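> Below you'll find the structure I mean.
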Amino acid sequence: MNKWIPVTEKLPPAEEEVLTYSTSTPWSFSYDDPHILVGFHSVKYDKWYFPTDSHNEPIEPTHWMPLPDPPKSAI
């Protein structure tokens, strides 16, 4: 199983979607309300992007991990 990697230690490969963990999303009810989102880090803009964020608000993850492998086909 993968472990969470602090963004202060290492960023994911450029533009690669990963799982992110954040406690400071704009729509949190409190700053202790954790969120796990799929997103990617842009090296060019030094910014995180999240396909599910329709508000385009800044989200700064504290940790990330690679996405799991997709399920094997049941066919």
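The values are calculated or read from the model by the stated rules, or taken from the named source; none is laboratory data. Keep in mind it's a predicted model, so treat the numbers as computed, not measured. Neighbour counts are summed over all protein chains in view; Cβ atoms, including those assigned to glycine, are modelled from backbone coordinates with ideal geometry. Remember, those area values only see protein heavy atoms, side chains included, never the ligands or the DNA or RNA. Shrake-Rupley method; radii C 1.70, N 1.55, O 1.52, S 1.80 Å.
> Any residue at all in the range 20-35 that's of a type in the set (Val, Ile, Thr), modelled with pLDDT of 90 or more and open to solvent by 80 Å² or more (accessible area, probe 1.4 Å)?
The answer is no; no qualifying residue exists.
> Tell me which residues, restricted to the range 1-19, are at pLDDT 95 or above and polar (S, T, N, Q).
Passing the criteria: only Thr8.
> To continue, here is another question. Mind checking which pairs have a first residue in the range 51-63 that is closer than 20 Å to Pro13 by Cα and aliphatic (A, V, I, L, M) and a second that is in a loop (DSSP other than H, G, I, E, B) and modelled with pLDDT of 75 or more, Cβ under 8 Å, 6 or more apart or different chains?
Ile59/Phe50
> Moving to a separate point now. Would you say Val38 is at pLDDT below 95, touching a Leu at 6+ places or on another chain (Cβ under 7 Å) and surrounded by fewer than 16 Cβ atoms within 10 Å (Cβ to Cβ)?
Spelling it out, Val38 is indeed at pLDDT below 95, touching a Leu at 6+ places or on another chain (Cβ under 7 Å) and surrounded by fewer than 16 Cβ atoms within 10 Å (Cβ to Cβ).
> Which ones in the range 43-55 are farther than 17 Å from Tyr21 by Cα and modelled with pLDDT of 80 or more?
Those that are farther than 17 Å from Tyr21 by Cα and modelled with pLDDT of 80 or more: Val43, Lys44, Tyr45, Asp46.
> If you take the residues of the range 56-68 that are modelled with pLDDT under 90 and at negative phi, which of them is surrounded by the most Cβ atoms within 10 Å (Cβ to Cβ)? First the steps, then the outcome.
Taking the range 56-68 and keeping what is modelled with pLDDT under 90, we get 56-60.
From what's left, at negative phi: 57-60.
Numbers: Glu57: 10, Pro58: 11, Ile59: 21, Glu60: 12.
Top of the filtered list is Ile59.
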